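Coordinate-derived values only; no laboratory data. What you see is a predicted model, and the numbers here were worked out from it, not measured in a lab. Note that we place each Cβ from the backbone using ideal geometry, even for glycine, and neighbour counts take in every protein chain shown.
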Amino acid sequence: MRCDVLRFVAFEDLGVWEPELRAHGFEVRYLDVGVDDAREAADADLAVVLGAPIDAPDSATYPVLDEVRAVLEARRDRPTIGVCLGAQLMALVAGGEVGSGTREVGYAPVTLTDAGHEGPLAALDGAPVLHWHADTFTLPDGAVPLASTDATAHQAFALGPWLALQFHPEADPEAIERWLIGHAGDLRRWGVDVPSLRRTAREAGDDAAVAGVLLIRRWVRENVGGGPGGP
C-alpha cells in the first residue's frame, strides 16, 4: 500500500504517525508541494495533506493550492487525512468556508463530540494536542463534527472516508524545536513565549505522542485496513 504525503514545509511532516503507518504496511512517499507533482497522490491508497503557514483560500498568491484542491477533488471517495491547512482545504473542496478565527498556539486538549468519543479520536480524550492555527472552517454539508475547543467550534470532522483535523496530533514533541525555528517570525509577531512553549512540549510530549499514535492506528484499521507488519 502507498501513502502519499503532500508536504508544504519540510519540518511539518508525519511526525509520530510515520512509524505507525509503516508498521501497517504503507510505503510512505512525501510529495513536496510546489516542487513535486502533487497529482500523483490522487490514486494513493492513503493520502495525507499536511499544514503550512499560508491561507487555504489564497490561491491567487499560491497557485499550488489549486493543485492540492484538485487532488482532494479526485479523492472524494478515497481515504484521506487533512491536518491544519489540509483540513481547511478539505472544507473548501467539500463546500465549506475558511476564514479568520481565534489564534491557538500550544498544547491543550480538545472537547470531543459524541461521534468523536465513538471513533478514533477517542484516543484524544483528555490528552494534550498541539494547536497552531489562526483560521477556522465551517462544516461542509454531510460532515460529522468530531471535536471543538472554546475558541474554535470546529476542530475536526469526518466526511465519508475523509478525516479533517485542525490541530496537530501527528506532531512529534521531540522535534518541536524545528517548529519553533521554522515559525520564528510568526511566533515573535504573535507574542508567543517560545521558552514556555518548548517547556510545555517537553511536559505534555509523552501523552500527546501516545494519543496521536493511537488515533492513527485505529483510523487506519477502520478506514484502510492492514495491521502491524502489513495488510
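Using 10 Å bins from zero, what percent of all Cα-Cα pairs in the chain falls into each bin?
8, 36, 41, 15, 1
Could you check the spin-label model distance between Asp206 and Arg39? Points 7 Å from the Cα along Cα→Cβ, value in nm.
Calculated label separation equals 4.9 nm.
Within 10 Å of each residue's Cβ, count the other Cβ atoms and sort Ile181, Ile54 from fewest upward.
Result, fewest neighbours first: Ile181, Ile54.
Tell me the net charge near Trp17. Cut-off is 11 Å between Cβ atoms, Trp17 excluded, with +1 for each Lys or Arg and -1 for each Asp or Glu.
Values: positive: Arg22, Arg217; negative: Asp13, Glu18, Glu20, Glu170, Asp172.
With Lys, Arg at +1 and Asp, Glu at -1, the net is -3.
In whole percent, what relative contact order does segment 100-146 give with Cα contacts below 8 Å and a gap of six or more residues? List each step's numbers first, then the result.
Values: 63 pairs, mean separation 24.2, N = 47.
Taking the mean separation of contacting Cα pairs over the length of segment 100-146, I get 51 percent.
Counting other C-beta atoms within 10 Å, which of Leu197, Leu130 has the fewest, and how do the rest follow?
Numbers: Leu197 19, Leu130 27.
Going from least to most buried by this count: Leu197, Leu130.
What helices does the chain have that are whole DSSP H segments, at least 18 Å long along their own axis by Cα, and with mean Kyte-Doolittle hydropathy of -0.5 or more? Kindly include the intermediate steps, with their values, before the conclusion.
Numbers: long enough: 194-223 (39 Å, -0.25).
Helix filter hits for the chain: 194-223.
Amide H to amide H under 5 Å from Leu31: which residues, 5+ apart in sequence or cross-chain, H placed 1.01 Å off N in plane?
Residues meeting the criterion, in which the H sits 1.01 Å from N, are Val5, Leu6, Arg7.
Evaluate the relative contact order of the chain (contact order divided by residue number), counting alpha-carbon pairs under 8 angstrom at least 6 apart; express in whole percent.
Result for the chain is 23 percent.
Given a Förster radius of 30 Å and the C-beta distance between Ala70 and His117 as r, what FRET efficiency does 1/(1 + (r/R0)^6) yield to the nearest 0.05?
On the way: r = 34 Å, r/R0 = 1.14.
So, using R0 = 30 Å, E works out to roughly 0.30.
Compute the signed sum of charges (Lys and Arg +1, Asp and Glu -1) over the other residues within less than 12 Å, Cβ to Cβ, of Gly99. Kindly include the intermediate steps, with their values, before the conclusion.
On the way: positive: none; negative: Asp55, Asp58, Glu97, Asp135.
Summing Lys/Arg as +1 and Asp/Glu as -1 gives -4.
Label segment 164-231 by shape, choosing from rounded, prolate and oblate, from the square roots a ≥ b ≥ c of the eigenvalues of the Cα gyration tensor; if a/c is under 1.5 it is rounded, and otherwise prolate applies when a/b is larger than b/c, oblate when it is not.
Values: a/c = 3.12, a/b = 2.37, b/c = 1.32.
Note, shape of segment 164-231 comes out prolate.
For segment 95-193, just run the numbers: alpha carbon Rg, then divide by 2.2 N^0.38 Å, N being how many residues it has.
Details: Rg = 14.1 Å, N = 99, 2.2 N^0.38 = 12.6 Å.
After normalising by residue count via 2.2 N^0.38 Å, the value is 1.11.
Would you mind ranking Leu165, Leu92, Leu124 by Cβ crowding within 10 Å, fewest neighbours first? Kindly include the intermediate steps, with their values, before the conclusion.
Numbers: Leu165 25, Leu92 20, Leu124 28.
By the 10 Å Cβ count, ascending, the order reads Leu92, Leu165, Leu124.
Determine the distance separating the Cα centre of segment 68-130 from the Cα centre of segment 157-192; give it in Å without decimals.
Value for the Cα centre distance between the two parts: 12 Å.
Given 0.36 nm per residue, what is the gain on full extension from Thr61 to Asp125 after removing their alpha carbon distance, in nm?
Working: separation 64, 0.36 × 64 = 23.04 nm, distance 3.79 nm.
Fully extending the segment from Thr61 to Asp125 adds 19.3 nm.
Sequence gap at least 6, Cα distance under 8 Å: using those rules, report the relative contact order of segment 44-179 to the nearest whole percent. Before the final figure, lay out the partial values.
Details: 269 pairs, mean separation 34.8, N = 136.
The normalised contact order for segment 44-179 reaches 26 percent.
How many nm is it between the label spots at Arg199 and Asp32, if each spot is 7 Å from the Cα in line with the beta carbon?
Going by the 7 Å Cα→Cβ label model, 3.6 nm.
Given the -39500 (n - 2.57) contribution per DSSP H run of 4+ residues, what per-residue ellipticity at 222 nm results for the chain, rounded to the nearest 500 deg cm²/dmol? Please list the in-between numbers first.
Values: 7 runs with 76 residues, N = 231.
Computed ellipticity for the chain at 222 nm equals -10000 deg cm²/dmol.
If R₀ is 45 angstrom, what is the calculated FRET efficiency for the pair Arg218 and Arg188, using the beta carbon separation as r and rounding to 0.05? Show your work: numbers first, answer last.
On the way: r = 38 Å, r/R0 = 0.84.
Efficiency at R0 = 45 Å is approximately 0.75.
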